[in-house]
Amino acid sequence: MKTLTLKSAFLLLTAFCCSAIAQPSDEAIEKLLDASGISKQAAQYPEAVQAGFMQGVQQGAPIPKKTVDLILGSAQQKISPEVVLGKVKERIKSSLTQAEINQLMDWYQSDTGRKIAQAEEKASTMQGYQEMMSQAQTLLGHTKRVEAAKRIDDLVGATQFTMAVQEQSGVAVYSAIMSVVAPNQPLDLAPYEAQMQAMAPQMKQSIEQMVAVSFVYSYQDIADSELASYEKFLAKPVTAKFNKLAMQGVNQGFQIVLADWAADIGKIIVEEQAPTAG
């Protein structure tokens with residue numbers, strides 16, 4: 001009887017250990033991305049890229065409306081949320097265990113976790129973005145919440161990630177345009193990189209401010225105690241690991257879709273500048 005008990009205990013322990021280190025199922029990953037709000041936020045990527053492009057158009061040299069419309073249409077087609085999410089899933093599947101996903105789901109399925117995920121999803125919509133921009137100065141006046149936003153930014157690396165994506169998108173678009181406009185000349189990124197390096201401190205300051213505005217807007221209806229609980233969750237090693245993997249996946253996915261979009265932009269510009277026959 002003792003032997004049977006020891007054998008049963010060993011089998012149970014083995015089953016538990018295998019479960020803890022097991023690679024998560026696709027279904028478990030889908031549920032995690034849905035619960036964390038990443039899936040719904042990813043659906044907003046084409047609109048976010050379009051909004052960023054339009055902001056650049058308004059601040060830069062004038063571009064014909066037809067060209068702008070073609071580039072916006074290209075963004076809708078080429079900035080694929082599915083491609084980006086695919087890379088996020090790959091990262092999670094290879095690096096998170098089922099036990100770690102269970103820990104994360106405990107938070108995301110809690111009342112506070114659900115409220116925060118819903119708030120982030122709402123803020124990621126085009127309507128949310130427009131409201132946020134119109135309220136930016138007022139939101140920055142909430143000193144206590146701005147301080148909390150900066151702490152959250154440090155925990156999730158939002159400013160650092162945004163700068164990396166902007167740099168990648170700029171290089172991708174510049175490279176694509178130059179390769180089409182001057183196909184017989186070797187691509188020289190040095191002038192562009194020098195310009196970006198000179199602008200980097202100002203860009204970082206602007207992005208930090210926009211991230212703060214975004215977080216203050218997102219969590220404006222979240223109680224201080226709930227936001228403090230969220231900060232504690234973000235500081236956990238398993239959460240930091242998940243956020244890092246998610247951002248790496250998004251970054252990798254964006255490199256792919258931005259390259260496709262940039263190549264299309266180059267073709268659009270050349271076609272629009274080509275003289276019409278007749």
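The values are calculated or read from the model by the stated rules, or taken from the named source; none is laboratory data. Being a predicted model, the structure only gives us computed values, none of them experimental. Ideal geometry is used to build each Cβ from the backbone, glycine not excepted, and the neighbour counts take in all protein chains shown.
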inquiry  = Conditions first: (1) surrounded by fewer than 16 Cβ atoms within 10 Å (Cβ to Cβ); (2) in contact with a Lys or Arg (Cβ under 8 Å, 6 or more places away or on another chain); (3) not aliphatic (A, V, I, L, M). GLY253 passes all but one, so which condition is the exception?
reply    = (1)
inquiry  = Given the condition over 21 Å from the mean Cα position of the chain (by Cα), under 27 Å from ALA35 (Cβ atoms), in a helix (DSSP H, G or I) and hydrophobic (A, V, I, L, M, F, W, C), answer yes or no: does some residue in the range 228-237 qualify?
reply    = yes
note = Across (1) closer than 28 Å to PRO237 by Cα; (2) over 16 Å from the mean Cα position of the chain (by Cα), ALA43 clears everything bar (2)
query = Only one of THR143, THR162 is surrounded by 15 or more Cβ atoms within 10 Å (Cβ to Cβ) and hydroxyl-bearing (Ser, Thr, Tyr); which?
reply = THR162
ask   = Which one of these does ILE92 not meet: (1) assigned to a helix (DSSP H, G or I); (2) surrounded by fewer than 18 Cβ atoms within 10 Å (Cβ to Cβ)?
value = (2)
query = Does any residue of the range 117-132 turn out to be over 13 Å from SER214 (Cα atoms), part of a helix (DSSP H, G or I) and small (Gly, Ala, Ser)?
reply = yes
note = The helices (runs of 4 or more DSSP H) lying entirely within the range 26-70 that contain at least 2 residues which are within 24 Å of GLU167 (Cβ to Cβ) are 38-42, 45-59
task = Give the number of residues within the range 195-247 that are at pLDDT 95 or above, more than 22 Å from MET105 (Cβ to Cβ) and among the hydrophobic types (A, V, I, L, M, F, W, C).
result = 5
